[in-house]
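See below for the structure under consideration.
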Amino acid sequence: MPALPSSVLFACTMNSVRSPMAEAILKHLHGRHIYVDSAGLREGDLDPMAVEVLDEIGIDVSRHRPKTFDQLEDGYYDLIVTLSPEAQHRAVELTRTMACEVEFWNTFDPTIVEGTREQRLEAYRQVRDTLLRRIRERFPVEGGPTV
């Protein structure tokens, strides 16, 4: 199993859907071994549909409080995973003065989907499942919790 980073930041535009989902999933899988946080460029409110689709797989994100890059308590991370182009630009700026890896996982924004409640939930589930797959691939679990 490859060595895991000791700290990971997930970043997106509002810290209300994608990055909190990714943070919660990685914490569920590796929370005892990796410090995990998330941030956005702008402050938003936690999206109830993100809470709902994570709850479907047994992960509680309801206590997440969205924050911006400026509100982060820790200023150093081994890895920043960006989930939107805007966050990628900010992470590149941020890492000019620190030794930190940046990975861009361009992730669909489910908030733009219109339609019935079920159609919108399905978009959130697709994002959840995509993040879950990418996180499992990037941060393999050996004998730990599964989702």
Taking only the stretch 20-48 into account, find how many residues are among the aliphatic types (A, V, I, L, M) and surrounded by fewer than 20 Cβ atoms within 10 Å (Cβ to Cβ). 3
Which pairs turn up if I take residues in the stretch 1-30 that are farther than 18 Å from TYR76 by Cα and look for partners that are in a helix (DSSP H, G or I) and among the acidic types (Asp, Glu) with beta carbon separation below 6 Å, at least 6 apart in sequence or on another chain? THR13/GLU86
Could you tell me whether the stretch 94-101 includes any residue that is within 26 Å of GLU142 (Cα to Cα) and either at pLDDT 95 or above or assigned to a helix (DSSP H, G or I) (or both)? no
Within the stretch 59-78, tally of residues that are part of a loop (DSSP other than H, G, I, E, B) and over 30 Å from GLU118 (Cβ atoms): 8
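Please enumerate the residues belonging to the stretch 56-81 that are hydrophobic (A, V, I, L, M, F, W, C) and within 15 Å of the chain's Cα centre (by Cα).
First, the residues of the stretch 56-81 that are hydrophobic (A, V, I, L, M, F, W, C): 57, 59, 61, 69, 72, 79-81.
If the condition is that a residue be hydrophobic (A, V, I, L, M, F, W, C) and within 15 Å of the chain's Cα centre (by Cα), then ILE59, VAL61, PHE69, LEU72, LEU79, ILE80, VAL81 are the ones that fit.
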For the stretch 11-19, does any single residue satisfy the condition of being surrounded by fewer than 18 Cβ atoms within 10 Å (Cβ to Cβ) and not acidic (Asp, Glu)? no
Six or more apart or on different chains, Cβ under 6 Å: which pairs go from a residue in the stretch 61-78 that's over 15 Å from GLY44 (Cα atoms) and at pLDDT 90 or above to one that's in a loop (DSSP other than H, G, I, E, B) and not small (Gly, Ala, Ser)? Could you list them? TYR77/CYS100; ASP78/PRO5
Suppose we filter the stretch 30-58 for residues that are assigned to a helix (DSSP H, G or I) and over 17 Å from VAL127 (Cβ atoms); how many remain? 1
Filtering the stretch 97-147 down to residues that are more than 13 Å from the chain's Cα centre (by Cα) and of a type in the set (S, T, N, Q), which residue is surrounded by the most Cβ atoms within 10 Å (Cβ to Cβ)? THR111
Single unsatisfied condition, ARG133 versus (1) at pLDDT 95 or above; (2) closer than 25 Å to ALA3 by Cβ; (3) touching a helix residue (DSSP H, G or I) at 6+ places or on another chain (Cβ under 8 Å): (3)
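The values are calculated or read from the model by the stated rules, or taken from the named source; none is laboratory data. Bear in mind that the values here come from a model prediction, so they are computed numbers and not experimental data. Cβ coordinates were reconstructed from backbone atoms using ideal geometry, including for glycine residues, and neighbour counts include every protein chain displayed.
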